[in-house]
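As structure tokens, the structure follows; a few thoughts come after it.
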Amino acid sequence: MSTTRQALGWPTAFRLGLVSLCAVVTVSLPLSFPHDDGPTDLDRDLAAPIHSALDSHPGVYQTLVIPSNGYIVIPLLLVAACWFAYRGQWWRAATMVVVPELAVAVNSWLLKPLWERPLHDYLAYPSGHTVHLVAVASAFVLLTDVPRARATTLGSSVLAMLCAAVGMIGLGYHLPTDILGGAAAAIAMVTALCWPAERFLLRTERVHPAARLDA
């Protein structure tokens, strides 16, 4: 079994660009909201074909929204943390647990009240379910040093998020801009929060190299 370890670090320019782009998207979308915080033209344009195609099959929405539910996302987070722990990567396991949940807390207690976009009986922007799912996926992609695991997670997460977005829009849980803002906010927060953790990981792993199983 190989004990080679791939470098974890991501280029600084890439990180800065990704955080900046996603932060700009998160902050810019609310500028398009009407005075009553209702749907924008973009919301209507994105939602119309979904409702046209699937409103006659409401059960499809219920199925598609499943990946964004906490009873799916939280076990996935714990599985990811256990995967790092099994490989002896304890700091990555801890970071995997802390960073996505911190992003959810920041979204719930800071971002949602900041923009205060009401929908039904809750604040909808940025979408909390979207932040949670994207934060967990983003943290794993940033922290893992196994290219195959990274690529698999990235592809499956994009598919899951697209399905969940269609479900949330169809059921009226969120407008499309809530979901776009949630995804952008999650990526920006997780990338920024993982940055110092990864720098620490790189230093400690150079000093204390440990063998691991390649997945």
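Does L102 count as closer than 19 Å to V19 by Cβ and aliphatic (A, V, I, L, M)? Yes, satisfied. Beta carbons closer than 9 Å, at least 6 apart along the sequence or on distinct chains, pair a first residue in segment 127-146 that is open to solvent by less than 10 Å² (accessible area, probe 1.4 Å) with a second that is aromatic (F, W, Y) and assigned to a helix (DSSP H, G or I) for L143/F84; T144/W83; T144/F84.
What is the residue count in segment 147-192 for residues that are more than 18 Å from P67 (Cα to Cα) and surrounded by fewer than 21 Cβ atoms within 10 Å (Cβ to Cβ)? Residues that pass the stated criteria total 6.
Residues that are open to solvent by 40 Å² or more (accessible area, probe 1.4 Å) and in contact with a Leu (Cβ under 8 Å, 6 or more places away or on another chain) within segment 15-33 comprise V25, S32, listed in sequence order.
To keep it simple, each residue is scored yes or no on (1) within 20 Å of Y173 (Cβ to Cβ); (2) hydroxyl-bearing (S, T, Y); (3) in contact with a helix residue (DSSP H, G or I) (Cβ under 8 Å, 6 or more places away or on another chain).
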site: W10; (1), (2), (3): no, no, yes
site: L18; (1), (2), (3): no, no, yes
site: P34; (1), (2), (3): yes, no, no
site: T40; (1), (2), (3): yes, yes, yes
site: V65; (1), (2), (3): yes, no, yes
site: G70; (1), (2), (3): yes, no, yes
site: L77; (1), (2), (3): no, no, yes
site: Y86; (1), (2), (3): no, yes, no
site: V98; (1), (2), (3): no, no, no
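Annotation note: of L78, L42, L31, the sole residue that is in a helix (DSSP H, G or I), closer than 23 Å to V131 by Cβ, touching a Pro at 6+ places or on another chain (Cβ under 7 Å) and modelled with pLDDT of 95 or more is L42.
Residue pairs whose Cβ atoms lie under 6 Å apart, separated by 6 or more positions or on different chains, with the first residue in segment 150-164 and within 19 Å of M96 (Cα to Cα) and the second aromatic (F, W, Y) and buried (at least 17 other Cβ atoms within 10 Å of the Cβ), are T153/F140. Is it the case that segment 102-119 has a residue that's under 11 Å from the mean Cα position of the chain (by Cα) and either at pLDDT 95 or above or among the hydrophobic types (A, V, I, L, M, F, W, C) (or both)? Yes, because at least one residue in segment 102-119 is under 11 Å from the mean Cα position of the chain (by Cα) and either at pLDDT 95 or above or among the hydrophobic types (A, V, I, L, M, F, W, C) (or both). Against the definition (assigned to a helix (DSSP H, G or I), farther than 19 Å from V65 by Cβ, of a type in the set (S, T, N, Q) and in contact with a helix residue (DSSP H, G or I) (Cβ under 8 Å, 6 or more places away or on another chain)), how does T130 come out, yes or no? Considered against the rule, which asks whether it is assigned to a helix (DSSP H, G or I), farther than 19 Å from V65 by Cβ, of a type in the set (S, T, N, Q) and in contact with a helix residue (DSSP H, G or I) (Cβ under 8 Å, 6 or more places away or on another chain), T130 comes out as no. Quick one: in segment 36-72, which of the residues that are closer than 20 Å to L180 by Cα and charged (D, E, K, R) is surrounded by the fewest Cβ atoms within 10 Å (Cβ to Cβ)? Ranking the qualifying residues of segment 36-72, first place goes to D36. The single condition among (1) more than 16 Å from L171 (Cβ to Cβ); (2) free of Cβ contacts under 8 Å to residues at least 12 places away in the same chain; (3) among the acidic types (D, E) that D121 does not meet is (1).
Looking only at residues in segment 83-100 that are without any contact (Cβ under 8 Å) to a residue 24 or more places away in the chain and either under 18 Å from G70 (Cα atoms) or not in a helix (DSSP H, G or I) (or both), the one that is most open to solvent (accessible area, probe 1.4 Å) is V98.
The values are calculated or read from the model by the stated rules, or taken from the named source; none is laboratory data. Given the structure is predicted, the values throughout are model-derived calculations rather than measurements. A quick note on method: Cβ atoms are made from the backbone with ideal geometry, for glycine too, and the neighbour counts reach across all protein chains shown. Each accessible area value is taken on the protein alone, full model and side chains, heavy atoms only, with ligands, DNA and RNA left out. Shrake-Rupley method; radii C 1.70, N 1.55, O 1.52, S 1.80 Å.
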